1. Restricting to Cα pairs below 8 Å that are 6+ residues apart, what does the relative contact order work out to for the stretch 433-500? Please round to a whole percent.
2. Tell me whether the chain comes out rounded, prolate or oblate; compute the Cα gyration tensor, take square roots of the eigenvalues as a ≥ b ≥ c, and use a/c under 1.5 as the rounded threshold.
3. State, to one decimal in nm, how far the label point of residue 59 lies from the label point of residue 495, with both points 7 Å from Cα in the Cβ direction.
4. How far apart, in nm, are the 7 Å Cα→Cβ label points at residue 443 and residue 561?
5. Express in nm, to one decimal, how much length is gained between residue 80 and residue 114 on full extension, taking 0.36 nm for each residue of separation and deducting their alpha carbon distance.
6. By how many nm would the segment from residue 483 to residue 537 grow when fully extended, if each residue of separation counts as 0.36 nm and the alpha-carbon distance is taken off?
7. Along Cα→Cβ, 7 Å out, is where each label goes; now give me the distance between the ones at residue 211 and residue 462 in nm to one decimal.
8. Over the chain, what is the relative contact order in percent, taking alpha-carbon pairs closer than 8 angstrom and at least six residues apart?
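Please treat every number below as a calculation from the coordinates, not as lab data. Computed from a predicted structure; not experimentally measured. Using ideal geometry, Cβ is built from the backbone for each residue, glycine included, and neighbour counts are taken over all protein chains shown.
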């Protein structure tokens, strides 16, 4: 990459990455030290390597070095992907030409399960490539081996200021999650935690028709839902409208969920929150959830949510939006693209808008979020140039968030035939990239000057302009990034520091691995029964006792042991 850097276009919703680095067989050759699966210094050879390396984060390796990786191939490009495309992509070429890093793929796997299995075998055998991208669970397993390099000094000396800013944009939690025994054993490939926050999506056209205010409290929301069900806002003469879209997995963030509604009552299901005594407790088992369950039970009894919601996944539940029959939805910032765009496609006069989640009182509610690290990048112990990982990530951050030319953007991250972000070997996403895109796009519309927008932002700007000119197919860009988009209230969440962060960000404890899935299943079953009236809130203490017997007591102890030790 040249010295002129430019922010590049990335996906508005970067939830799925198709290419990930995986563990696998080692390779000897080039400038790499032999890999015998053991470290001569207890996994702490990074400092020595860095001492001898030039302290220049952007310096090209000369002569070039070889770096072995394993490649996992997944949706959405698995079908069109070929090994030849990857090995000859602009990313792999640039790594060699501009960084002096020759990437050597050891294998390719397709599908998440195959990739995980390959990883497990590699770690268990002690035979891994020079660079691997792992999950938090796999990182915990690696921390108990001598396979990794301590990257503490590597990160400090070889991160550009921009890379450090990006990795710590949401605090030091990401780095802490990659630290074991005081050693930074991986570089976290960060993503946005705030983009997982819940919003209240409302059919503003129906609120206007029924002369209803935008709900700010749970009481106002109930009044609005009741009116939508009883006053025929779609004007078809039938009582077929639904107040709130809900799916059977309503504790999973995304669409047709209920997390935002629980948060309205200061309840945080599936999150670890700090109690008054300073200990961490499991949000699903705290008494605050009872008020939320009572509220949902009321909605259910009065027919404000579908009677068969418990049989519908999020996709099926979202069909209510496409059919134009639902007034409210709790969901993520991207719901303006799906499923709300389908409403606009089928009902051109419809108008979904996002608002902050409601609150039980006049105080703003706190939307829950959790640490979002897409992958942890580990360098094999004994590899001569562990600083290579930082050069790869620096390359990514400068391309995406620095100043580059349009030509460079198009080559790496533009429309086809550009390979896109899926082909990058290592990356760290900016947590507030989408929020900043919204702020810059809306400012451009206010001033009439779009010259300061990068290619991604200009794409949003152009599509919003098309919508303003009458192209309803582009309503989705306005509903997320525009002046009336979800990010206008994301900005309020950020400015008012409203997020409730999950306090546990470590690898699964032993009890979690064995029991948490059963606990979570028991939670959703009890919650669903209470909402549908086949169980009672009066049994809440009995329910919590059952969770403890299922292992919650042991999990809680281990979580607090982790909290005390970190």
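1. Answer for the stretch 433-500 is 33 percent.
2. Here the chain falls in the oblate category.
3. Those two pseudo-labels are separated by 4.5 nm.
4. Result: 5.0 nm between the two label points.
5. Difference between extended and current length: 10.4 nm.
6. That works out to 15.3 nm of additional length.
7. Between residue 211 and residue 462, the label points sit 4.6 nm apart.
8. So the answer I get is 23 percent.
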